[in-house]
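Okay, so here's the structure we're looking at.
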Amino acid sequence: MWSCEQVEEHSPQRGDLVVVDLIGKIESTGEVFVDTSAAGNKRSLAFVFGARPYAGGMCDGLDFVLQSMKVGGKRRVIVPPELGFGETGADLSSGGRIPSQATLEYIVQLQRVPIAPS
């Protein structure tokens, strides 16, 4: 007998594993600091939603936007410094640096939201 499990597409909840495609750049210079869809890269970013510290160019502004998105949704987002990396900026694992008080521009697409383990 065939069995089909229906997976409900929902907005991310704290603790959900989420998978996103992300392009992030510094608005004033246009410098790209994260691009999961760049040629030769094509590695989506997977992380536990709401977990900190952030990694891979994630910040409070993206956390805020993702909680209202549905799977397949794509948005262009401008993140002010107070919801980005603020006065300290950030050193990224890729070797890049986000300067202090930088306004950030992201294009984010929510690929998957697996249901949190029980």
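The values are calculated or read from the model by the stated rules, or taken from the named source; none is laboratory data. Given the structure is predicted, the values throughout are model-derived calculations rather than measurements. Please note: Cβ atoms are built from the backbone with ideal geometry, for glycine as well, and neighbour counts cover all protein chains shown.
Quickly run through segment 44-58 and pick out the residues that are within 16 Å of residue 107 (Cα to Cα), of a type outside the set (Gly, Ala, Ser) and assigned to a loop (DSSP other than H, G, I, E, B).
Residue satisfying the conditions is 58 alone.
Residue-wise test of (1) under 12 Å from the mean Cα position of the chain (by Cα); (2) at pLDDT 95 or above; (3) over 29 Å from residue 10 (Cβ atoms).
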| position | (1), (2), (3) |
| --- | --- |
| 41 | no, no, no |
| 45 | yes, no, no |
| 68 | no, no, no |
| 76 | yes, yes, no |
| 108 | yes, yes, no |
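Scan segment 89-104 for residues that are in a loop (DSSP other than H, G, I, E, B) and of a type in the set (A, V, I, L, M, F, W, C) and jot them down. Let's see the steps before the verdict.
Of segment 89-104, the ones in a loop (DSSP other than H, G, I, E, B) are 89, 92-96, 99-103.
Passing the criteria: 92, 102.
Could you list all residues from segment 47-66 that are at pLDDT 90 or above and loosely packed, with under 13 Cβ neighbours inside 10 Å?
The answer is 64, and nothing else.
Here are 61, 96, 57: which of them is touching a residue at least 12 places away in the same chain (Cβ under 8 Å) and under 16 Å from residue 21 (Cβ atoms)? Walk me through it before giving the result.
On the way: 61 fails: under 16 Å from residue 21 (Cβ atoms); 96 fails: under 16 Å from residue 21 (Cβ atoms).
Unique residue meeting the criteria: 57.
Limited to segment 59-80, what total is found for residues that are on the phi < 0 side of the Ramachandran plot and in a loop (DSSP other than H, G, I, E, B)? First the steps, then the outcome.
Within segment 59-80, the subset on the phi < 0 side of the Ramachandran plot is 59-71, 73-80.
From the residues that got through so far, the ones that are in a loop (DSSP other than H, G, I, E, B) too are 59, 67-71, 73, 80.
Qualifying residue count, segment 59-80: 8.
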